[in-house]
Amino acid sequence: MATQIIMPQLGESIVEGTVVKWLKSKGETIANLEPLLEVETDKVVSEIPSPAEGVLLEIIVPEGTTVKIGTVVAWVGAVGEPIPAGGEVPDTGSTTHKEQQPAAVATTPTLPAPQRELGFISPVVAKITQEHAVDLRQVKGTGTGGRITKKDVLAYLDSRTSQVESPKATIPIWETPADGDLFRPTELVFAKQVALSPVNVTPANVTRDTGTHDTLLPHTTIRKHIADHMLMSKNVAPHVTTVMEADLSKVVAHRTANKAAFERDGANLTYTVYFVAAAVAALKTHPRANSSWSDEGLIVHSAINIGMATSLGEEGLIVPVIKGADGLSLLGIARAVNELAERARGHKLQPEEVKGGTFTITNHGVANSLFATPIINQPQCAILGVGAIQKRVVVIDDSIAIRPMVYLSLSFDHRILDGASADWFLAKVVEVLQNWS
Amino acid sequence: MPEMTLIEAIRLAMDEELARDPNVFIVGEDVGQRGGVFRATMGLFDKYGAARVIDSPLAEASIVGVGIGAALYGMKPICEIQFADFIHPAFNQIINEAAKMCYRSGGEWPVPMVIRAPYGGGIGGGLYHSQSVEALFSHTPGLKVVIPSNPYDAKGLLKSAVRDPNPVLFLEPKKGYRLIKGEVPADEYTIPLGEAKVSREGTDVSVYAYGMMHYYTLQAAEKVASEGIHAEVVDLRTLYPVDRETILASARKTGKALIVHEDNLTGGYGAEIAATIADAAFTDLDAPVKRLAGPDVPAVPFSHPMQDWFMLNPEKIAAAIRELARY
């Protein structure tokens with residue numbers, strides 16, 4: 001089995017390295033740990049030893065080339081040994097040899113490894129990994145060639161247990177600053193507005209007087225971002241909240257009739273899907289609600305991208321965005337809602353998926369809240385709060401009826417919309433829902 | 001507790017058994033008046049007489065054959081083969097007769113016999129006085145194979161071997177006869193056959209050895225301990241039947257196994273231990289099972305530099321432990 005030589009990670013924050021010089025040429029024999037190549041990172045040149053003995057079968061990355069860490073740069077193995085699939089295959093000219101290779105290999109270009117090579121996983125490491133559900137990519141390998149040893153995985157388990165109460169060692173992707181509208185450092189996005197704002201944004205510093213029985217919980221990154229963003233939004237946008245109620249009889253009927261069909265198509269038809277669709281319809285007729293305030297003028301967005309506030313429990317909340325929601329059918333919205341919600345709760349959202357929202361819906365009704373005054377997700381114009389759906393007694397044509405009712409709360413930026421225009425927008429949402437067919 | 005050499009402990013065991021049981025007798029080349037070429041039986045001829053410490057002709061097949069016959073008559077012979085290298089003329093007697101007699105007689109004719117033979121190189125003995133023969137005999141149900149690594153075990157194991165109803169091949173690391181010293185109680189004690197012993201506790205690597213190599217392995221383990229590598233050492237003591245539980249428990253604990261013997265690598269006794277571990281402890285392994293053994297050459301060379309090349313030593317063993325610990 002030929003051994004692959006990968007670009008090593010020569011430091012905590014180093015992501016790439018340059019092959020400065022090959023100390024062996026192709027076909028030359030090399031001993032284990034004998035220097036094989038020189039790699040430069042941040043102007044530091046390091047000699048990289050061979051992790052195996054044999055001959056240098058193939059140099060894949062030539063001198064002077066910079067590649068990401070984990071990229072296969074060469075192969076070492078026995079004389080005449082074929083390079084495994086995924087690597088470059090030396091042309092031996094032998095037809096029988098070629099036939100033994102899968103056809104795809106010759107045409108597949110060598111791609112940089114997408115993530116760190118885990119290397120050989122020993123039986124006991126495999127067993128521990130399975131028993132304790134360990135993600136081996138989180139474990140630092142100290143064995144030969146960076147192999148993850150039994151000790152490494154046990155040490156990782158130890159540290160994992162001791163970290164139960166502290167923030168995760170690796171920051172989930174949505175907590176990365178500068179990605180996503182909601183959690184982008186506010187001073188970067190709205191520096192100007194904040195500076196011009198008549199209200200000083202500096203929060204009143206509450207005396208940190210923790211009594212003997214109090215506990216100081218350090219802020220998580222996500223919590224800090226939420227705090228900054230909420231405070232900023234309240235400061236830059238004069239919020240007004242207007243509330244209407246909608247009779248969901250037709251929505252409930254439609255959902256009851258179509259839920260099974262949607263399920264066959266692999267989609268869970270939730271009420272949220274209807275609210276998204278109704279908001280999209282209203283935004284189409286009232287494009288000013290799909291806008292952002294700027295000093296130069298009102299930026300009316302051409303795309304309708306609906307943010308969907310998703311609770312992560314005490315951890316915080318995240319707003320994945322349904323891109324181009326106006327181009328989606330009800331089934332398409334259902335699929336997008338399902339998938340984003342699932343990925344949000346699984347902490348698997350990509351940075352792109354929390355960016356670019358133009359309007360946000362928050363379904364506080366799931367926690368039985370009837371109506372609320374949501375805070376606008378800057379730099380959007382408005383946010384729609386959906387309350388709990390309850391059967392209530394209503395008067396229709398002077399008779400008393402029992403209908404599934406919902407309160408819809410729209411918080412809007414009074415710089416952009418006035419009470420009347422905001423109500424027209426909200427009335428459109430109600431109309432769509434009440435006349436669902 | 002008196003400290004004594006390996007060979008003194010072996011002599012003490014035979015002395016005690018000769019005194020304890022009148023059926024015990026010794027037969028071998030130069031074991032009587034000369035007291036054995038290694039002086040293993042020194043003084044016993046004078047103490048117990050020519051009828052119980054018998055000088056034999058230079059004929060190993062006859063030494064073992066006499067032992068088998070006497071054992072069938074209820075005697076407890078201790079046959080001495082002067083060097084394990086010369087045991088081969090007796091191979092037929094041992095394998096075909098001694099090992100199978102009890103089985104083919106339906107349990108009626110057990111052969112309670114001990115065959116003592118000094119083995120191993122490193123003494124400048126060349127090809128006729130350096131061989132390790134344990135692999136040739138540890139393949140034979142009906143024959144027990146025991147190799148002590150220290151004086152205390154040697155006495156206890158040899159006494160058990162004398163009392164065992166089966167034929168026992170008792171191989172003695174001759175290089176350690178006077179090199180290996182240890183405390184041996186004067187009191188009566190035996191050590192059961194078939195039990196390995198964890199002679200040093202460790203967490204990083206399990207090293208399996210016996211005889212002289214066990215002595216070296218303990219030194220190697222001490223050496224690497226100062227570097228932070230904690231090797232667990234298992235003294236196999238009985239090669240057949242082997243103590244699988246102790247072997248596997250250690251392999252499961254450390255996840256890494258190294259077997260050390262001076263006998264040639266291919267088909268050597270280490271292969272059996274390696275296979276046992278790979279078979280029953282596979283999911284607990286963190287590294288390939290490694291063997292460190294003598295090279296596959298026909299004999300231990302006479303030339304000293306070449307003998308050193310052939311033989312293992314604490315440095316070579318420490319290097320193998322380090323490599324496996326690093327894996």
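The values are calculated or read from the model by the stated rules, or taken from the named source; none is laboratory data. Just so it is clear, the structure is predicted and the values come from calculations on it, not from any experiment. Glycine gets a Cβ as well: all are built from the backbone with ideal geometry, and neighbour counts include every protein chain shown.
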Let me confirm something: among B:Gly211, B:Gly202, which residue is surrounded by fewer than 24 Cβ atoms within 10 Å (Cβ to Cβ) and outside the structural domain of B:Glu80 (by TED's automatic domain parsing)? B:Gly202
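Evaluate the following for A:Thr29: is it β-branched (Val, Ile, Thr) and within 19 Å of A:Pro82 (Cβ to Cβ)? Break it down into steps so the answer makes sense when it comes.
On the way: β-branched (Val, Ile, Thr): yes; within 19 Å of A:Pro82 (Cβ to Cβ): yes.
So A:Thr29 fits the description; yes.
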Note on the stretch B:72-125: residues of a type in the set (Val, Ile, Thr), part of a loop (DSSP other than H, G, I, E, B) and in contact with a Pro (Cβ under 9 Å, 6 or more places away or on another chain) are B:Ile81, B:Val111
Go through the stretch A:372-427 and report how many residues are touching a residue at least 60 places away in the same chain (Cβ under 8 Å) and in a helix (DSSP H, G or I). 8
Picking from B:Ala221, B:Ala319, which residue would you name as being closer than 28 Å to B:Leu179 by Cα, outside any loop (DSSP other than H, G, I, E, B), within 14 Å of chain A (Cβ to nearest Cβ) and aliphatic (A, V, I, L, M)? B:Ala319
Can you find a residue that is polar (S, T, N, Q) and under 26 Å from A:His254 (Cα atoms) anywhere in the stretch A:391-399? yes
Kindly provide the set of residues from the stretch A:112-132 that are modelled with pLDDT under 85 and among the hydrophobic types (A, V, I, L, M, F, W, C), ordered by number. A:Ala113, A:Leu118
Taking the stretch B:103-113 and keeping only residues that are surrounded by fewer than 19 Cβ atoms within 10 Å (Cβ to Cβ) and under 23 Å from the mean Cα position of the chain (by Cα), one is left with B:Pro110
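Applying the selection to the stretch B:17-28, what residues are closer than 23 Å to B:Ala186 by Cβ and crowded, with 19+ Cβ neighbours inside 10 Å? Reasoning before the result, please.
Step one: list which residues in the stretch B:17-28 are closer than 23 Å to B:Ala186 by Cβ, which gives B:17-22, B:24, B:26.
Result: B:Glu17, B:Leu18, B:Val24, B:Ile26.
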Out of A:Val39, A:Val44, A:Val72, A:Val15, report the one residue that is aliphatic (A, V, I, L, M) and more than 17 Å from A:Gly146 (Cβ to Cβ). A:Val44
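Could you tell me which of the residues B:Glu172, B:Glu108 is acidic (Asp, Glu) and either in contact with a strand residue (DSSP E or B) (Cβ under 6 Å, 6 or more places away or on another chain) or outside the structural domain of B:Pro89 (by TED's automatic domain parsing) (or both)? Explain how you work it out, then say what you get.
Details: B:Glu108 fails: either in contact with a strand residue (DSSP E or B) (Cβ under 6 Å, 6 or more places away or on another chain) or outside the structural domain of B:Pro89 (by TED's automatic domain parsing) (or both).
Step by step, each of B:Glu172, B:Glu108 is checked, and only B:Glu172 is acidic (Asp, Glu) and either in contact with a strand residue (DSSP E or B) (Cβ under 6 Å, 6 or more places away or on another chain) or outside the structural domain of B:Pro89 (by TED's automatic domain parsing) (or both).
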Within the stretch B:298-310, does at least one residue satisfy the condition of being within 14 Å of chain A (Cβ to nearest Cβ) and under 18 Å from B:Tyr210 (Cβ atoms)? no
Within the stretch B:29-42, does at least one residue satisfy the condition of being surrounded by 15 or more Cβ atoms within 10 Å (Cβ to Cβ), assigned to a helix (DSSP H, G or I) and hydrophobic (A, V, I, L, M, F, W, C)? no
If the requirement is being assigned to a helix (DSSP H, G or I) and surrounded by 17 or more Cβ atoms within 10 Å (Cβ to Cβ), which of these qualifies: B:Ile259, B:Ile277, B:Ile229? B:Ile277
I'm trying to understand the selection: among the residues of the stretch B:232-250, which are acidic (Asp, Glu), surrounded by 22 or more Cβ atoms within 10 Å (Cβ to Cβ) and either assigned to a helix (DSSP H, G or I) or within 17 Å of the chain's Cα centre (by Cα) (or both)? B:Asp235
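Residue under question is B:Gly176, and the condition is that it be crowded, with 18+ Cβ neighbours inside 10 Å, in contact with a helix residue (DSSP H, G or I) (Cβ under 7 Å, 6 or more places away or on another chain) and at positive phi; does it hold? Break it down stepwise before answering.
Values: crowded, with 18+ Cβ neighbours inside 10 Å: yes; in contact with a helix residue (DSSP H, G or I) (Cβ under 7 Å, 6 or more places away or on another chain): yes; at positive phi: no.
No; evaluated as a whole, the condition is false for this residue.
In the stretch B:2-16, is there at least one residue being of a type in the set (D, E, K, R), in contact with a strand residue (DSSP E or B) (Cβ under 6 Å, 6 or more places away or on another chain), surrounded by 18 or more Cβ atoms within 10 Å (Cβ to Cβ) and under 19 Å from B:Leu158 (Cβ atoms)? Walk me through how you get there before you give the answer.
First, the residues of the stretch B:2-16 that are of a type in the set (D, E, K, R): B:3, B:8, B:11, B:15-16.
From the residues that got through so far, the ones that are in contact with a strand residue (DSSP E or B) (Cβ under 6 Å, 6 or more places away or on another chain) too are B:3.
Narrowing further to those that are surrounded by 18 or more Cβ atoms within 10 Å (Cβ to Cβ): none.
No, the stretch B:2-16 has no match at all.
Residue-by-condition table, conditions (1) in the same structural domain as A:Ile83 (by TED's automatic domain parsing); (2) assigned to a strand (DSSP E or B); (3) within 35 Å of the chain's Cα centre (by Cα):
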site: A:Gly11; (1), (2), (3): yes, no, yes
site: A:Ser25; (1), (2), (3): yes, no, no
site: A:Val45; (1), (2), (3): yes, yes, no
site: A:Ile48; (1), (2), (3): yes, yes, no
site: A:Ala52; (1), (2), (3): yes, no, no
Somewhere in the stretch A:155-170, is a residue within 14 Å of chain B (Cβ to nearest Cβ), modelled with pLDDT of 85 or more and within 16 Å of B:Leu285 (Cα to Cα)? no
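So which of B:Thr254, B:Thr283 ends up being surrounded by 18 or more Cβ atoms within 10 Å (Cβ to Cβ) and within 14 Å of chain A (Cβ to nearest Cβ)? Spell out the reasoning first.
Numbers: B:Thr283 fails: surrounded by 18 or more Cβ atoms within 10 Å (Cβ to Cβ).
The match here is B:Thr254.
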Going through the stretch B:262-274 in order, the residues found to be in a strand (DSSP E or B) and either within 14 Å of chain A (Cβ to nearest Cβ) or in contact with a Phe, Trp or Tyr (Cβ under 9 Å, 6 or more places away or on another chain) (or both) are B:Glu262, B:Asp263
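Can you tell me how many residues within the stretch B:66-116 are touching a residue at least 12 places away in the same chain (Cβ under 8 Å) and either more than 16 Å from B:Val162 (Cβ to Cβ) or among the hydrophobic types (A, V, I, L, M, F, W, C) (or both)?
First pass over the stretch B:66-116, keeping only residues touching a residue at least 12 places away in the same chain (Cβ under 8 Å): B:66-68, B:70-72, B:74-95, B:97-103, B:109-116.
Now drop any that are not either more than 16 Å from B:Val162 (Cβ to Cβ) or among the hydrophobic types (A, V, I, L, M, F, W, C) (or both), which leaves B:66, B:68, B:70-72, B:75, B:78-79, B:81-95, B:97-103, B:109, B:111, B:113-115.
Residues meeting the conditions: 35.
Just checking, which of A:Leu10, A:Leu37, A:Leu33, A:Leu23 is among the aliphatic types (A, V, I, L, M) and either on the phi > 0 side of the Ramachandran plot or free of Cβ contacts under 8 Å to residues at least 12 places away in the same chain (or both)?
Details: A:Leu10 fails: either on the phi > 0 side of the Ramachandran plot or free of Cβ contacts under 8 Å to residues at least 12 places away in the same chain (or both); A:Leu37 fails: either on the phi > 0 side of the Ramachandran plot or free of Cβ contacts under 8 Å to residues at least 12 places away in the same chain (or both); A:Leu23 fails: either on the phi > 0 side of the Ramachandran plot or free of Cβ contacts under 8 Å to residues at least 12 places away in the same chain (or both).
Result: A:Leu33 is the single residue among A:Leu10, A:Leu37, A:Leu33, A:Leu23 that is among the aliphatic types (A, V, I, L, M) and either on the phi > 0 side of the Ramachandran plot or free of Cβ contacts under 8 Å to residues at least 12 places away in the same chain (or both).
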Kindly list the number of the only condition in (1) surrounded by 19 or more Cβ atoms within 10 Å (Cβ to Cβ); (2) touching a Pro at 6+ places or on another chain (Cβ under 6 Å) that fails for A:Lys391. (1)
Checklist (1) in a helix (DSSP H, G or I); (2) in contact (Cβ under 8 Å) with a residue 24 or more places away in the chain; (3) under 17 Å from B:Val233 (Cα atoms) applied to B:Gln307, failing item: (3)
